[in-house]
1. Order of 239-246, 250-257, 170-177 by packing, highest average Cβ count within 10 Å first?
2. Using label points projected 7 Å from each Cα along Cα→Cβ, tell me how many nm separate F223 and Y120, to one decimal.
3. Using the Cα centre as the reference, give the magnitude of the dipole from point charges on the C-beta atoms of the chain (Lys, Arg: +1; Asp, Glu: -1; all else neutral), rounded to the nearest 20 debye.
4. For helix 173-183, what angle does its Cα long axis make with the longest principal axis of the chain, in degrees from 0 to 90 and rounded to 10?
5. Picking from T237, T85, T125, which is most flexible by a Gaussian network model of the chain using Cα springs under 10 Å?
6. Would you please give the FRET efficiency between K370 and K163, computed as 1/(1 + (r/R0)^6) with r the Cβ-Cβ distance and R0 = 35 Å, to the nearest 0.05?
7. Could you give the angle, 0 to 90 degrees to the nearest 10, between helix 64-75's Cα long axis and the longest principal axis of the Cα atoms of the chain?
8. Identify, among P147, F244, I203, the residue whose Cα sits farthest towards the positive end of the charge dipole of the chain, taking +1 on the Cβ of Lys and Arg and -1 on the Cβ of Asp and Glu, with the dipole about the Cα centre.
Amino acid sequence: MSSGRLRFSVCPSFCGSRNDQDQVSMKSHFHFLLTLSLVGTSVICSAQQPRKIIIDQDAAGPAGTDQQSMLLLIQAPQTEVLGITVVTGDQWLHEEVAHTLRMLEMIGRTDIPVVPGAEYPLVRTKEDTERWEQEFGSIPWLGAWTPKYYHPPDQLGEMPEGKPTTKPSSEDAAHFMLRMVHQYPHEVTIYEGGPMTNLALAISLDPEFASLAKELVFMGTSFNPRTDNPEFTHTPTREFNLYFDPEAAHIALRAAWPRIVCTPVDISVKTHLSQDMIDRIKSADTPAARYIGQYARLRGNYNYLWDELAAAAWLDPSLITKKETMFIDVDLGRGAGYGDTIAWTEQDKPRTELRPIDVQDDLDLEKFYKLFVDLLSAPTPKAQAHGN
């Protein structure tokens, strides 16, 4: 019943000369069928309701894990992306906003607002990090601060896809997220694919922010990943999204989210983007497929699908075949472990207030790859009216 309306043709025998017992029995049967139909209609309508989500991302581009994860969420017909809030991380805020605007132009979804957020971490600075490296050793990946790729924050850097013609929102990320969770209390998932600075600012502005959201889903943390990637071989608990702004992660992970789901490095390194996957997507010749076909490429030896897995597992939780509950914080001491992941189980966690987090451990790899290719090959869903 796609319209959600119920129509009944009542048998004349309900009004006939049957005895009272028959009438009671048939009326009870009718009411049972009516109740069953209403329940069924409610389930159908509920299943058809789009799942509201805000994407908070350090949106480096073009393509790459940041843009590709956002594309997966946009391409899924069951989602309503209320907005994309941007934070400095893998690149500077200014260029991340430009890459995101341009991606949305290329797939025809400029209805989705792009909202600039924090340009710098809460406490950590580039200069402090350089001094820390002199004492404790160099770090392979520092995002926008990585010397090999560094440029001033007000510059765009390379834009092979061309500069956008659309403009970002004039609102800031923290206030946008607050406005959305108040407008749709307990309905909005916050997807976090980058440093948690925007989340920490929203929490600081309104301590009820986290409890008004439906859940936090994030890519981040690292425990003991099985990889020879030099980023993790000697520092297995250091992960960029938490490391770049440790104070923000500390605030966000302790906030009163109804639920937190974590995609750590440990499961991410089980995934790999391949040229065959890119070619299969490219052959579809849809807007998203053309974007991926033109700008996605293999980078180095690893090509993990970090943020894409976090996004895909939210879309289809059955991709995850094993998970465990952990309690997670970040080392805020200014020693060698500053910014590293700290984790406990229920049995050994400290008495300080920590939130239980669903940590993903293993996945159905082929099912994930199929969803990745299928969504990025599909036609882009039409714009939805969400009254932002």
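1. Details: 239-246: 26.5, 250-257: 21.5, 170-177: 19.9.
Taking the mean over residues of other Cβ atoms within 10 Å, the ranking is 239-246, 250-257, 170-177.
2. 3.6 nm
3. Charge dipole, the chain, about its Cα centre: 1460 debye, nearest 20.
4. 10 degrees
5. Per the Cα network of the chain with a 10 Å cutoff, T125 tops the list.
6. Values: r = 35 Å, r/R0 = 0.99.
That pair, K370 with K163, gives E of 0.50.
7. Relative to the chain, helix 64-75 is tipped by roughly 10 degrees.
8. I203
Just so you know, all these numbers are worked out from the coordinates, no wet-lab data involved. Here the structure is a predicted model, which means the values were calculated and not measured. Methodologically, a virtual Cβ is constructed for each residue, glycine included, from the backbone with ideal geometry; neighbour enumeration extends over all protein chains shown.
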